[in-house]
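A.B. asks: Structure provided below as structure tokens; questions to follow.
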Amino acid sequence: MTIAVEDSELPSIEDRCLSSWNSFQSSHTSWCKHWALQPVPLVNLVFFLNVCVLFWAISLVQKSTWLIDIYWTIIPPLIAHFYRAHPAATYQTLRSVVCLALTWVWSIRLTHSYLRREKWQLGVREDWRYADMREQYGLHWWWLSFFLVYLVQQVMLVGVTLPLAAVHSSTAGWRWLDNAAIAVCVTGLLCAYFADNQLHSFVEGNVERKKLGKPALPLLDTGLWRYSRHPNYFGEQLWWWGLGLFAVSVGQPYMLVGALFNSACLVEGLPVVGARAVTQDSE
């Protein structure tokens with residue numbers, strides 16, 4: 001027996017298309033909401049669009065990557081506030097405030113050191129490492145710079161600030177590890193501060209010696225530089241590992257992966273820095 005169905009009882013093509021579109025919108029909205037509630041992926045997305053892509057495009061116009069240097073000094077506190085303000089954030093107030101304060105101290109110190117080194121001018125020169133790469137890779141540098149300058153910076157900066165994500169995802173009580181983290185962070189900040197000041201005085205002293213027709217001193221071997229060839233880098237690494245201890249304190253030691261990657265990159269690059277110093281001393 002055949003049952004006749006009137007055309008009015010069947011969904012039209014328009015109705016079916018509208019239903020499919022609504023279903024797509026619903027699933028798409030759910031997907032967006034899901035990822036929006038994940039602070040670390042969201043930080044990566046924002047960083048990728050606003051730093052990797054935007055700053056790379058600006059560097060192509062300016063023919064210089066100088067902007068990434070000054071941005072490095074202010075991104076961590078911005079990321080810290082992002083994690084704290086995120087809707088999914090949950091944290092122990094004292095630990096959060098301490099981390100934010102320490103991160104701002106780090107940022108102000110490093111920004112001051114950078115601007116002083118650049119004679120309080122912006123955009124005059126780019127990092128010598130990138131300038132060397134520009135010359136080395138020639139016509140291919142325009143696209144290689146996206147990976148070698150900007151994408152690498154994302155891995156490093158988002159990586160070393162992972163402890164801030166850990167801090168703002170746990171309400172664990174204050175522990176002795178938090179006290180240890182403060183001690184290590186402050187020690188690192190002080191070490192970098194004094195090392196940078198001593199290096200600045202040494203460089204300025206050599207400039208004055210050259211003006212007077214005297215030979216420049218070949219080696220800084222006083223102060224902290226008496227004990228290490230890179231006390232400023234040591235202080236910087238100590239700072240990041242100290243920040244990582246806050247993540248350990250809230251039970252997320254795997255957040256130290258960023259500090260580990262940063263240290264590995266530094267160790268890999270130290271011979272290049274040392275070779276450049278020797279070359280400059282011989283000039």
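The values are calculated or read from the model by the stated rules, or taken from the named source; none is laboratory data. Since we're looking at a predicted model, the values are computed, not measured. We place every Cβ from the backbone using ideal geometry, glycine too, and count neighbours over all the protein chains shown.
A.B. asks: Hey, does the stretch 14-37 have a residue that's touching a helix residue (DSSP H, G or I) at 6+ places or on another chain (Cβ under 9 Å), surrounded by 10 or more Cβ atoms within 10 Å (Cβ to Cβ), over 30 Å from A131 (Cβ atoms) and modelled with pLDDT of 55 or more?
C.D. replies: Checking the stretch 14-37: at least one residue is touching a helix residue (DSSP H, G or I) at 6+ places or on another chain (Cβ under 9 Å), surrounded by 10 or more Cβ atoms within 10 Å (Cβ to Cβ), over 30 Å from A131 (Cβ atoms) and modelled with pLDDT of 55 or more.
A.B. asks: Let me ask you something else. Taking only pairs six or more apart or across chains, which ones have beta-carbon atoms under 6 Å, a first residue in the stretch 128-156 that is farther than 15 Å from L54 by Cα, and a second residue that is modelled with pLDDT of 95 or more and among the aliphatic types (A, V, I, L, M)?
C.D. replies: Close Cβ pairs satisfying both conditions: Y137/L144.
A.B. asks: Okay, next question. Just one of the numbered conditions (1) surrounded by 10 or more Cβ atoms within 10 Å (Cβ to Cβ); (2) at pLDDT below 95; (3) part of a helix (DSSP H, G or I) is not true of L78; which one?
C.D. replies: For L78, the exception is condition (2).
A.B. asks: Could you tell me which of the residues A192, A247, A172, A216 is within 21 Å of the chain's Cα centre (by Cα) and either aromatic (F, W, Y) or more than 27 Å from F55 (Cβ to Cβ) (or both)?
C.D. replies: A247 is the lone residue from the list that is within 21 Å of the chain's Cα centre (by Cα) and either aromatic (F, W, Y) or more than 27 Å from F55 (Cβ to Cβ) (or both).
A.B. asks: Could you say whether any residue in the stretch 233-253 is at pLDDT 95 or above, assigned to a helix (DSSP H, G or I), of a type outside the set (G, A, S) and loosely packed, with under 14 Cβ neighbours inside 10 Å?
C.D. replies: No, every residue in the stretch 233-253 fails to be at pLDDT 95 or above, assigned to a helix (DSSP H, G or I), of a type outside the set (G, A, S) and loosely packed, with under 14 Cβ neighbours inside 10 Å.
A.B. asks: Another question, if that's okay. Any residue in the stretch 193-211 that's of a type in the set (S, T, Y): show its pairings with residues that are surrounded by 13 or more Cβ atoms within 10 Å (Cβ to Cβ) at Cβ separation under 8 Å, as long as the two are six or more apart or on different chains.
C.D. replies: Partner pairs satisfying both residue conditions: Y193/R109; Y193/G235.
A.B. asks: I've got another one for you. Could you please find all residues in the stretch 207-229 being basic (K, R), within 30 Å of L243 (Cα to Cα) and in a helix (DSSP H, G or I)?
C.D. replies: R226
A.B. asks: Also, quick follow-up: List pairs: first in the stretch 40-55 and closer than 17 Å to I70 by Cα, second basic (K, R), Cβ under 9 Å, 6+ apart or cross-chain?
C.D. replies: So the pair list comes out empty.
A.B. asks: Could you list, in sequence order, all residues of the stretch 108-141 that are over 27 Å from Y193 (Cα atoms) and touching a helix residue (DSSP H, G or I) at 6+ places or on another chain (Cβ under 6 Å)?
C.D. replies: R134, Y137, W141
A.B. asks: Another question about this same structure. Keeping to the stretch 176-206, report how many residues are small (G, A, S), touching a helix residue (DSSP H, G or I) at 6+ places or on another chain (Cβ under 6 Å) and either under 18 Å from R226 (Cα atoms) or not in a helix (DSSP H, G or I) (or both).
C.D. replies: 3
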